[in-house]
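The values are calculated or read from the model by the stated rules, or taken from the named source; none is laboratory data. What you are looking at is a predicted structure, and each value in this text was computed from that prediction instead of being measured. Ideal geometry is used to build each Cβ from the backbone, glycine not excepted, and the neighbour counts take in all protein chains shown.
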Amino acid sequence: MWETSPQYASEEGMKLARILAESLHETARELNEIKKGMSEAGILWKQVSLIFKRLYDHDRERGDIGADYVGSLLNYSRFLYSVHRNAEVHVWLYDALSIQRELYQRNPEEQRLHLAFTLNIYAEVLRANDRPADASMCDREATILRQGAPNRQRRLSSAAGASSFFWAIYDFTSSVHTRARDEESYIAGAGEVAHIRQLYADDPERQRSPLARALHTYGVALSRARLGEAACFALAEAVQLRREMASHDPEQFDQDLAASLQAHAAGLRLMGRVEEACTADAEAVRLRRGSSRSRPSRDPAKQRLALASAVHSYAISLYQSDGRFDEARMIEKEAVDILRALAGTNSKKYSPALATSLNNYGLMLHTSNSAERVQQACDALAEAVHIRRQLHQHDEHYRSDLAYSLTQQCRSLFKLGRIEEACAVGKAAVDYRRQVYVGDRDRHRVEYVSALGYYSAALMAGGESKYEEANAPHAKLVEHYHILWERNPDVYRTDFRHWLLTYAKTLRHVHRDVEAQHYEEEARSLEVIGQISPARTP
């Protein structure tokens, strides 16, 4: 009713409208807690956004209304993201970013971090829509904004209108990044860093270690959120501070330096700066080894685990570097040996890390053309699968890891020519991966397609007797590669064309010639002009 009434323009009308919006917002939050109420929550959040839009249009100088408007846009965007309406997410989030820019122009000091956070979220949505270049530009702008934040920057919760803004941001990032992170989100980490910087400016000697610790935590959270550029910036500063401290007291600070070097290497890998990552990881390993040899810990298992973690990270960097596969395999084998020994003393505590290291070791062995090494890869992956099956029995969060190990085991069995085993393992991988995929389709689509691809390859290698069975995964592959191709034609065109032709082949085997011809024509048009017709089904 308020939308059609001229009374909203009065102070009393605006007050009533805000009360209504806040009431709708709280109802939406309660409904969102109930899975069946998500649709109703989305409708309410949209209505809240429309209310604040009218209020903000009426008085654009009110920063508190602007902040609430941005928060409502973020809440509705989060709902759209949760129901996979990504195109609409882009539109509403762009509006939030535009309003946040207006607020920043009016009050740069107070709104700097708010704009940086909104840019980071917008970047994540751009990545989900396969626009990495645009996403990087947003992340870069966010990094520049954070660099310019003065030491006296107040905590996020003290800014005008920050409460609703903060929780909208927090909820949205929680929906985008569902994988477990540190207890503090990178948003809370930014606030902590800003707070300690203020203390550091007044007392650098006492606050150097707390600032380094806050930067490290913040950088790790950014890295896990795949915000590589911002992560590298924070972690490079943490490394610098901890290097200064370790130069004066290595016994106390060199292990902290090793931890930050390892975290920095992970951020560098995200940015494609692999050689720099190798250098950082090598120094971290050297520091961990030195500590193990010269300063035995009261907790030797913890010390050995830290060494295994550093070695594992170094192996990943070496593996991504050109021509260093053999070195990477040797390094990863050391991590496996350390973790297997630790798991022998406490399986529950150390077997998850052992499974991860075994999985990576298997992948590194698999790159070899040696039958002996491929067999070793298969054995390592079988052990990883065994561990992850046991973990999955007690905790369903290991389902994605289990699906990944099964997919790679299928690949190794296929390479060894053990086709029947590859088919059985591949089917299990697809089944588990499908369960993960339905929970977050956009995030897990590529992994689901990978599992389908290896399973289908195994079925095709089984001969014509398995062609009919292969039709179901082939249909799924064509469906998903069509989506991936539309988002990124240059990356997925070749694979899309391959599965179109493969599907056509198995369709002809079961005398579905009209459908087969349709997919063959699609493949030809894809090859000739790089496009396909909108109609995908005959």
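The residue that is surrounded by the most Cβ atoms within 10 Å (Cβ to Cβ), among those in region 238-255 that are among the small types (Gly, Ala, Ser) and touching a helix residue (DSSP H, G or I) at 6+ places or on another chain (Cβ under 6 Å), is Ala238. Only one entry in Tyr467, Tyr454, Tyr492 is part of a helix (DSSP H, G or I) and without any contact (Cβ under 8 Å) to a residue 40 or more places away in the chain, namely Tyr492. Only one entry of Ala266, Ala306, Ala231 meets the criterion of being farther than 30 Å from Val374 by Cα and of a type in the set (Gly, Ala, Ser), and that entry is Ala231. Asn120 falls short on exactly one of the conditions (1) modelled with pLDDT of 80 or more; (2) within 30 Å of Tyr200 (Cα to Cα), and that condition is (1).
As a summary of the residue check, Leu413 satisfies the conditions (1) closer than 23 Å to Ser309 by Cβ; (2) surrounded by 23 or more Cβ atoms within 10 Å (Cβ to Cβ) except for the one numbered (1). Taken together, the residues in region 479-514 that are aliphatic (A, V, I, L, M) and surrounded by fewer than 20 Cβ atoms within 10 Å (Cβ to Cβ) amount to 6. The requirement of being of a type outside the set (Lys, Arg) and touching a residue at least 60 places away in the same chain (Cβ under 8 Å) is satisfied by Leu227. The condition (being among the hydrophobic types (A, V, I, L, M, F, W, C), in contact with a Gly (Cβ under 7 Å, 6 or more places away or on another chain) and in a helix (DSSP H, G or I)) is satisfied by just one residue among Ala384, Ala403, Ala422, Ala428: Ala384. In the set Leu44, Leu73, Leu50, only one residue is touching a Phe, Trp or Tyr at 6+ places or on another chain (Cβ under 7 Å), under 23 Å from His90 (Cα atoms) and modelled with pLDDT of 65 or more; that residue is Leu73.
Looking at Asn86, is it farther than 17 Å from Cys138 by Cα, assigned by TED's automatic domain parsing to the domain that holds Asp139 and modelled with pLDDT under 80? For Asn86, the condition - farther than 17 Å from Cys138 by Cα, assigned by TED's automatic domain parsing to the domain that holds Asp139 and modelled with pLDDT under 80 - is met.
The set of residues in region 172-229 being of a type in the set (A, V, I, L, M), at pLDDT 80 or above and surrounded by 18 or more Cβ atoms within 10 Å (Cβ to Cβ) consists of Ile196, Leu211, Ala212, Ala214, Leu215, Val220, Ala221, Leu222.
For region 387-400, which positions are of a type outside the set (Ser, Thr, Tyr) and either in the same structural domain as His480 (by TED's automatic domain parsing) or assigned to a helix (DSSP H, G or I) (or both)? Listed by number, the residues that qualify are Ile387, Arg388, Arg389, Gln390, Leu391, His392, Gln393, His394, Glu396, His397, Arg399.
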